[in-house]
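Colleague: Structure in structure tokens, see below.
The values are calculated or read from the model by the stated rules, or taken from the named source; none is laboratory data. Here the structure is a predicted model, which is why all the values come from computation and not from measurement. Every residue, glycine as well, gets a Cβ built from its backbone with ideal geometry; the counts of neighbours run over all protein chains shown. The protein model used for the area step is the full one, side chains on, heavy atoms only, and it has no ligands, DNA or RNA in it. Shrake-Rupley method; radii C 1.70, N 1.55, O 1.52, S 1.80 Å.
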Amino acid sequence: MIYFLFAGASAFFGLTAGLGATTLLRPLLDAVSPLPPASIAMLCTMATLGAALVSAFFALGQPLALHQDELLLLAVGSALGGILGDLMANRFVSVIPRDTAILLQNALLFTLVALPAVYFRTLSRTVRPLSLTRLASFPVALVVGLLASFLAFGAAPLTLTLYFLLFDAENDESSAAALTVSLFAMAGKLVMLLIRSRLRIPDADALLWLLPGAVGGALLAMVPAVQRQTSRAGEALLRLSLFTSLINMAAALT
């Protein structure tokens with residue numbers, strides 16, 4: 001039941017705040033779940049993918065914010081990054097003790113969540129955005145997809161930041177890019193996870209609670225009236241995610 005509640009709350013508040021469905025879920029599961037890092041990665045991958053599919057479904061009836069060629073570059077780059085990131089993560093958790101893996105992954109997660117917050121709060125006022133060619137969206141998607149897959153979270157804050165900083169993109173363009181990268185990076189990671197497990201899904205009992213929670217939270221976040229009432233949730237979610245990552249790091253050191 002706790003997986004259902006955590007996944008639903010993380011997806012709901014993460015999507016309404018524009019921070020991604022599992023920005024909070026990943027450190028929360030590291031903190032409270034007895035499962036090994038590989039199992040937590042599978043659960044977070046499925047939660048991210050489920051929430052991303054819900055968001056993509058609701059975006060189908062809207063005009064495309066990005067050109068089709070750019071969407072293709074993002075999809076291919078992030079899928080490839082998702083595959084490479086999963087290979088790296090599998091090797092990482094197989095040779096490093098659990099506590100050390102949690103420490104290092106939460107330190108990287110903390111950095112990837114904190115840096116976008118610093119950029120949008122302060123640096124965006126002084127650092128002038130670039131206007132690179134949109135062909136550069138492929139390496140951006142590759143790198144972000146790799147990091148998203150390695151940590152098993154959507155990396156939406158990082159995609160939003162890079163699109164604003166590198167391409168001087170509009171809000172709808174950055175949001176579309178973040179959704180595309182999250183969706184295809186997790187799809188690439190899921191393919192590798194299923195191949196490695198020979199199409200068997202580990203910890204299915206936890207997944208049966210977590211996936212409906214993530215999908216339900218994402219569906220609720222799509223309701224316009226609910227979005228207006230939770231517009232200030234982003235600050236609290238960001239602080240809670242960072243705080244939980246710090247707690248995980250401190251616990252791993254003791």
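Colleague: Assuming 1.306 mPa s and 10 °C, estimate D for the range 136-229 with Stokes-Einstein, Rh taken as the Kirkwood radius over Cα pairs, in µm²/s.
Modeller: Rounded to a whole number, D works out at 106 µm²/s.
Colleague: Is the shape of the range 36-95 rounded, prolate or oblate, going by the alpha carbon gyration tensor and its root eigenvalues a ≥ b ≥ c, with a/c under 1.5 for rounded and a/b larger than b/c for prolate?
Modeller: Here the range 36-95 falls in the oblate category.
Colleague: Let me ask another. Over the C-alpha atoms of the chain, what are the Rg and the largest Cα-to-Cα span, Dmax, in Å?
Modeller: Spelled out, the Cα radius of gyration and Dmax of the chain are 16.9, 51 Å.
Colleague: Let me ask something else. Highest first, please rank the peptides 8-17, 104-113 by the mean number of other Cβ atoms sitting within 10 Å of their residues.
Modeller: Most protected by this proxy first, the peptides run 8-17, 104-113.
Colleague: If you don't mind, another one. For the chain, find the longest principal axis of its Cα atoms and tell me its angle to the long axis of helix 2-17, 0 to 90°, nearest 10.
Modeller: For helix 2-17, the angle is close to 10 degrees.
Colleague: Once the whole set of protein chains is in place, how much accessible area is left on ILE96, using a 1.4 Å probe, in Å² to the nearest 10?
Modeller: 40
Colleague: By how many degrees, 0 to 90 and rounded to 10, does the Cα axis of helix 204-221 deviate from the longest principal axis of the chain?
Modeller: In the chain, helix 204-221 runs at an angle near 30 degrees to the longest axis.
Colleague: To the nearest 10 degrees, how steeply does helix 233-253 sit against the main Cα axis of the chain, on a 0 to 90 scale?
Modeller: 40
Colleague: Quick check: from the Cα gyration tensor, does the range 1-109 come out rounded (a/c under 1.5), prolate or oblate?
Modeller: Note, shape of the range 1-109 comes out oblate.
Colleague: Cα-based Rg (one decimal) and Dmax (whole number) for the range 73-123, in Å?
Modeller: 14.3, 39
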